[in-house]
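What follows is a single structure, written as structure tokens, with notes after it.
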Amino acid sequence: MDITITPSSSPLPIDRAFCLSMVIKSFKGRRDVEVHLFRANWDDGEIKKSALDALIGAPIDPSSTDPTSSRTVILESFTDCERDLILNYLKEQYSTRLTALHSTPLTFPVPAGLKGLSQVQAGKDIGFIEFERIPSYPLEIPLKGLYDLSQHPPIVEG
């Protein structure tokens, strides 16, 4: 299994700054499915809104300047301790089913108007893995994964 942890090239302005993804060998009839992991919920008082707003920069799209969704991107991220717990859990529990685990820090400032993973609507090809529903999931971290099957080749061409 390929494990890549990209370090930050500069000091991070907040502890909650790490993104995670995993690649599943075979999932729902597709091969090498990339799943973007995120925190599914958090305490509203965990980080003050004003502190988060200081971490949000100019919008990518000038018509989308609402910082609310960009705050979600930050709150969905992991601390380095949470990242390490999740990576260890995935390595131990799913080593034969995963081909890769990746971690990278957020780039600050986060552009205004960027959507959080929890804000994506599930559909025909897009869905969520809810780790808390897995009976053997031992962590206190409310972990979910977002996948898009349309981005991956089918196992059997039809």
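Just a few scattered comments:
- Among the residues of the stretch 80-94, those identified as open to solvent by less than 60 Å² (accessible area, probe 1.4 Å) and of a type in the set (D, E, K, R) are GLU82, ARG83.
- Any chance LYS144 is of a type outside the set (Asp, Glu), open to solvent by 40 Å² or more (accessible area, probe 1.4 Å) and at pLDDT below 95: no
Conditions (1) at positive phi; (2) surrounded by fewer than 17 Cβ atoms within 10 Å (Cβ to Cβ); (3) not charged (D, E, K, R), marked per residue:
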| site | (1), (2), (3) |
| --- | --- |
| VAL23 | no, no, yes |
| ARG31 | no, yes, no |
| ARG39 | no, no, no |
| PRO62 | no, yes, yes |
| THR68 | no, yes, yes |
| PHE78 | no, no, yes |
| THR96 | no, yes, yes |
| HIS102 | no, no, yes |
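- Among residues of the stretch 11-21, those that are part of a loop (DSSP other than H, G, I, E, B) and either open to solvent by less than 70 Å² (accessible area, probe 1.4 Å) or under 24 Å from TYR89 (Cα atoms) (or both), counted: 5
- Number of the exception - GLN119 against (1) surrounded by 19 or more Cβ atoms within 10 Å (Cβ to Cβ); (2) closer than 24 Å to ILE56 by Cα; (3) not small (Gly, Ala, Ser): (1)
- Residue list for the stretch 41-56, filter: surrounded by fewer than 17 Cβ atoms within 10 Å (Cβ to Cβ) and modelled with pLDDT under 85: ASP43, ASP44, GLY45, GLU46, LYS48, LYS49, SER50, ALA51
The values are calculated or read from the model by the stated rules, or taken from the named source; none is laboratory data. Being a predicted model, the structure only gives us computed values, none of them experimental. Quick reminder, even Gly has a Cβ in these numbers, built from the backbone with ideal geometry, and neighbours come from all protein chains shown. Heavy atoms of the whole protein, side chains included, go into the accessibility calculation; ligands, DNA and RNA do not. Shrake-Rupley method; radii C 1.70, N 1.55, O 1.52, S 1.80 Å.
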